[in-house]
Amino acid sequence: MNSTAPVRIVEGQAASEHTLAALGAYFSELDHRIDGGFDPELTEVTGPEDVTPPHGDFFLMTDLVTGEVIACGAVRRIDDDRVELRRIWVAPEHRGRGHARTLVRALENKVRSFGASTAVVSLNPEMTEGIAMFRNRGYEPVESFHRDTTASVFLGRVL
């Protein structure tokens, strides 16, 4: 792991301007990485109310020194037992420093705080780094839990 500046994870950011900018960068990256592009309108819509307590939460990770947003992620309650991890993204220039693992641990702690027993995540097959990270954290294949999605990889882990 590379040396990195200290970070802060801020919860409750579903409707912030920083969140909109981070999601824009995330969607743009997906559009370039996914064969045929990525259209957020073709996936299950997640509104701010879906990732705001008590239904979920949206986290931003910032560089503690500069305040720059370097990562984001959300949780959304599916039912009493399962909470989905969504929109997990780390800015390319900040990858390889363990930020994704740190963010996922924080999101999993939020899953536990909701009283749920299982965290689930959906990914596109082109998201090889994310798939590898989740598999290394003990996530295993599960059935699809989305109505509408372009994702085809569904993983879950009992916490």
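Table for the structure above
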quantity: Subset of the range 131-159 (residues that are open to solvent by less than 30 Å² (accessible area, probe 1.4 Å), part of a loop (DSSP other than H, G, I, E, B) and not hydrophobic (A, V, I, L, M, F, W, C)); calculated: 139, 146
quantity: The listed residue being assigned to a loop (DSSP other than H, G, I, E, B), out of contact with any Ser or Thr (no Cβ under 9 Å at 6 or more places or on another chain) and closer than 16 Å to residue 13 by Cβ, out of 73, 67; calculated: 67
quantity: Filter pass, residue 108 being within 21 Å of residue 13 (Cα to Cα) and outside any strand (DSSP E or B); calculated: yes
quantity: Only listed residue being of a type outside the set (D, E, K, R), under 17 Å from residue 154 (Cα atoms) and without any contact (Cβ under 8 Å) to a residue 40 or more places away in the chain, chosen from 130, 115, 36, 138; calculated: 138
quantity: Subset of the range 95-109 [free of Cβ contacts under 8 Å to residues at least 40 places away in the same chain and surrounded by 16 or more Cβ atoms within 10 Å (Cβ to Cβ)]; calculated: 100, 104
quantity: Qualifying positions in the range 121-130 - of a type in the set (A, V, I, L, M, F, W, C) and assigned to a strand (DSSP E or B); calculated: 121, 123
quantity: Exclusive hit being hydroxyl-bearing (Ser, Thr, Tyr) and out of contact with any strand residue (DSSP E or B) (no Cβ under 9 Å at 6 or more places or on another chain), set 66, 102, 52; calculated: 66
quantity: Pairs where the first residue, in the range 80-94, is on the phi > 0 side of the Ramachandran plot and the second is part of a strand (DSSP E or B) and open to solvent by less than 40 Å² (accessible area, probe 1.4 Å), C-beta under 8 Å, 6+ apart; calculated: 87/58; 87/72; 87/73; 87/74
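The values are calculated or read from the model by the stated rules, or taken from the named source; none is laboratory data. Remember, predicted model here, so these are calculated numbers, not experimental data. Using ideal geometry, Cβ is built from the backbone for each residue, glycine included, and neighbour counts are taken over all protein chains shown. To get the accessible areas, we keep the full protein, side chains included, count just its heavy atoms, and leave off ligands, DNA and RNA. Shrake-Rupley method; radii C 1.70, N 1.55, O 1.52, S 1.80 Å.
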